[in-house]
1. Considering only the range 66-84, how many residues are closer than 15 Å to Val321 by Cβ and surrounded by 15 or more Cβ atoms within 10 Å (Cβ to Cβ)?
2. Here's a check for you: in the range 299-341, which residue that is of a type in the set (S, T, N, Q) and touching a residue at least 24 places away in the same chain (Cβ under 8 Å) is surrounded by the fewest Cβ atoms within 10 Å (Cβ to Cβ)?
3. Test of understanding: among Pro135, Pro172, which residue is of a type outside the set (Val, Ile, Thr), surrounded by fewer than 18 Cβ atoms within 10 Å (Cβ to Cβ) and modelled with pLDDT under 85?
4. Being modelled with pLDDT under 85 and surrounded by 15 or more Cβ atoms within 10 Å (Cβ to Cβ) is true for just one of Ile111, Ile92. Which residue is that?
5. Is it true that Gly125 is on the phi > 0 side of the Ramachandran plot, modelled with pLDDT of 80 or more and not aliphatic (A, V, I, L, M)?
6. Taking Arg82 as meeting all but one of (1) modelled with pLDDT of 85 or more; (2) of a type outside the set (Val, Ile, Thr); (3) over 22 Å from Ala316 (Cβ atoms), write down the number of the exception.
7. Please report, ordered by residue number, the helices (runs of 4 or more DSSP H) entirely within the range 223-329 with at least 1 residues that are in contact with a helix residue (DSSP H, G or I) (Cβ under 6 Å, 6 or more places away or on another chain) and modelled with pLDDT under 80.
8. I'm trying to understand the selection: among the residues of the range 96-123, which are in contact (Cβ under 8 Å) with a residue 40 or more places away in the chain and among the acidic types (Asp, Glu)?
Amino acid sequence: MSFLVGLGEAIDKWSNLALSVICDYVGWRGFFKAVREGRINPSGQLPDHAYQRLHEPSQADAIVKASSRLVYWLRRFDLDTRDVKRLSRWLIRWAADPVNACDKLPPPREIEAIGHQVLTELRAGFDKLSQTETPKVEDAPEPQAGEQPEYVFRRDGDGWFIKAFGERGHFPGLVGLERLARLVRAAGRSVPMTELVSGGGPKKRVSVADAAAAGLTSERSSSAPLVDEQGVKDIEEKIKEYEQGIAKAERCGDVTMANVYRNELAGLLEQKRSITMPSGKPRNFPTEIDRLRPAIHQSISRACQRLRNAGMKNTAAHFEVSIRAEGDGFIYSPSPPIRWQ
């Protein structure tokens with residue numbers, strides 16, 4: 001696999017997220033700014049649709065991970081990372097706390113212009129690299145007899161010894177390191193979350209019966225929808241009603257009422273997006289597995305931070321960009337492949 005493939009995938013992932021959050025910022029910034037200033041709701045309490053918007057799963061963690069991966073690859077090609085970092089910081093602030101960030105970030109047009117410039121430069125840099133021949137990277141070879149392995153992740157008493165990328169260290173038995181070890185042993189294979197959260201030895205796995213007894217499930221989604229089809233139809237009818245109200249207010253020259261309708265329409269559209277899939281069908285309630293995902297991610301993030309604090313910055317960055325959630329599990333898929341001892 002070419003190193004260039006890793007860079008291209010990182011650019012695509014980050015670009016898609018960046019565009020999505022920029023569109024969200026452009027569409028919602030004025031609304032949250034008006035709420036913050038008391039022009040829409042003087043009581044200071046957010047309307048229900050805005051409250052829902054704030055309590056959806058945040059994209060902030062996804063941007064952090066995508067930008068870390070992109071910066072990692074840009075550095076490998078000696079490319080500038082400053083603009084990517086700057087734009088990512090803005091988008092993370094907005095995704096994490098839109099109410100407090102609405103009047104602390106550059107105007108929407110400026111964000112759009114900077115985003116377009118960064119994405120264009122990234123694509124131009126990638127195209128330029130694509131014109132040069134890039135060496136292929138084969139599977140990691142087995143170490144020769146007597147040769148010291150370059151990558152080691154093994155038990156060391158009650159803790160762990162880790163060696164990689166010219167870095168090494170001894171660490172206590174953290175939960176996140178235990179999960180990293182399991183993912184490393186299963187490189188390229190998705191490890192179920194029920195296995196990652198199980199106690200005991202590294203090879204112990206939670207059975208279906210034990211998982212059910214503990215309140216866990218291997219199902220990826222619940223059969224219960226967030227809202228029935230009639231509820232979706234009611235929202236769609238309300239959307240049409242507000243669209244007609246906007247048109248009527250504009251014909252009458254009533255700017256205030258038109259803006260009120262627009263704000264309510266924005267809330268309904270966001271509410272519809274949060275409870276329906278792109279196909280228009282209702283979304284399902286999250287399962288226990290959906291609730292395990294952030295807990296596992298946080299434990300791995302803490303372990304990576306422990307590595308970074310111990311001077312193993314390259315190793316921490318490697319795990320952060322090589323591990324991702326996939327379905328009802330997590331997978332460690334390094335590029336290029338690494339053979340750990």
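1. 11
2. So the residue we want is Gln341.
3. Details: Pro172 fails: modelled with pLDDT under 85.
The conditions single out Pro135.
4. Ile92
5. When the stated conditions are applied, Gly125 does not pass them.
6. Going through (1) modelled with pLDDT of 85 or more; (2) of a type outside the set (Val, Ile, Thr); (3) over 22 Å from Ala316 (Cβ atoms) one by one, Arg82 breaks only (3).
7. 255-275, 288-309
8. Listed by number, the residues that qualify are Asp103, Glu112.
The values are calculated or read from the model by the stated rules, or taken from the named source; none is laboratory data. These figures come from a predicted structure and were not determined experimentally. Positions of Cβ are backbone-derived with ideal geometry, glycine not excepted, and every protein chain shown enters the neighbour counts.
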